[in-house]
């Protein structure tokens, strides 16, 4: 008698997911995902090249990242903030652009503690981290609200960098106001305005399964296929009706 054909890890995962739409947990996070996705779409709609994020992608990610059989399903469905995962910290510190991604009204309440214990916060943090990684950034000189033009006299030993640091301005502003500035000389007067170098979003990487796997999940070569499979089931099934 011949042995039944062996199935690989992906096929086992796929077979397990096939029954998920019959679970009461299938639509558990639909409303929270829709609310969060809508807020991000509104917040980021004015950035260059932004295309609205489809909430179904996030639902698929929760089933690929966790799934209802995991104990994390009711606390960390997006799996962000697990021990050893630097993603949540990088999002919340703002060092990588998270301060531009997270809507202002969420910033006081979205914390390391809340994102690892409250599911809706974990979902918001996961979406935020994904979008933070998909954004393309640049840095530009940005004047402050103080439009006053100040003057500073150059002293012996001064340099442009030193003046910039001490006066709170930028090289772009100094060059713009002092168009004939070439070499600093003691006694010379330089005009400036207050300004700072700020990060801004200049564009976006496409939201594809390959990019989600590359920038959100690292290490699972089957992640794109899993996402596509989950998306297929989601598109065929019924979604929860939510009041947004």
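The values are calculated or read from the model by the stated rules, or taken from the named source; none is laboratory data. Predicted model only: the values in this text are computed from it and were never measured. Backbone-built Cβ (ideal geometry, glycine too); neighbour counts: all protein chains shown.
In contact with a strand residue (DSSP E or B) (Cβ under 7 Å, 6 or more places away or on another chain) and modelled with pLDDT of 85 or more: which single residue out of 48, 21 fits that description?
Working: 21 fails: in contact with a strand residue (DSSP E or B) (Cβ under 7 Å, 6 or more places away or on another chain).
Every option except 48 fails the conditions.
Quick one: residue 140 ticks every box in (1) over 17 Å from residue 89 (Cα atoms); (2) in contact with a helix residue (DSSP H, G or I) (Cβ under 7 Å, 6 or more places away or on another chain) bar one, so which box is it?
(2)
Which residues, taken from the stretch 96-111, are surrounded by fewer than 15 Cβ atoms within 10 Å (Cβ to Cβ) and either touching a helix residue (DSSP H, G or I) at 6+ places or on another chain (Cβ under 9 Å) or under 14 Å from residue 32 (Cβ atoms) (or both)? Let's see the steps before the verdict.
Taking the stretch 96-111 and keeping what is surrounded by fewer than 15 Cβ atoms within 10 Å (Cβ to Cβ), we get 104-105, 107-109.
104, 105, 107, 109 - these are the residues of the stretch 96-111 that are surrounded by fewer than 15 Cβ atoms within 10 Å (Cβ to Cβ) and either touching a helix residue (DSSP H, G or I) at 6+ places or on another chain (Cβ under 9 Å) or under 14 Å from residue 32 (Cβ atoms) (or both).
Residue-wise test of (1) surrounded by 14 or more Cβ atoms within 10 Å (Cβ to Cβ); (2) under 30 Å from residue 86 (Cβ atoms); (3) not assigned by TED's automatic domain parsing to the domain that holds residue 50.
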{"site": "133", "(1), (2), (3)": "yes, yes, no"}
{"site": "159", "(1), (2), (3)": "no, no, yes"}
{"site": "164", "(1), (2), (3)": "yes, no, yes"}
{"site": "167", "(1), (2), (3)": "yes, no, yes"}
{"site": "206", "(1), (2), (3)": "no, yes, no"}
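Test residue 84 against the stated conditions and say whether it is over 14 Å from the mean Cα position of the chain (by Cα), on the phi > 0 side of the Ramachandran plot, surrounded by 16 or more Cβ atoms within 10 Å (Cβ to Cβ) and in the same structural domain as residue 38 (by TED's automatic domain parsing).
Details: over 14 Å from the mean Cα position of the chain (by Cα): yes; on the phi > 0 side of the Ramachandran plot: yes; surrounded by 16 or more Cβ atoms within 10 Å (Cβ to Cβ): no; in the same structural domain as residue 38 (by TED's automatic domain parsing): yes.
The answer is no for residue 84.
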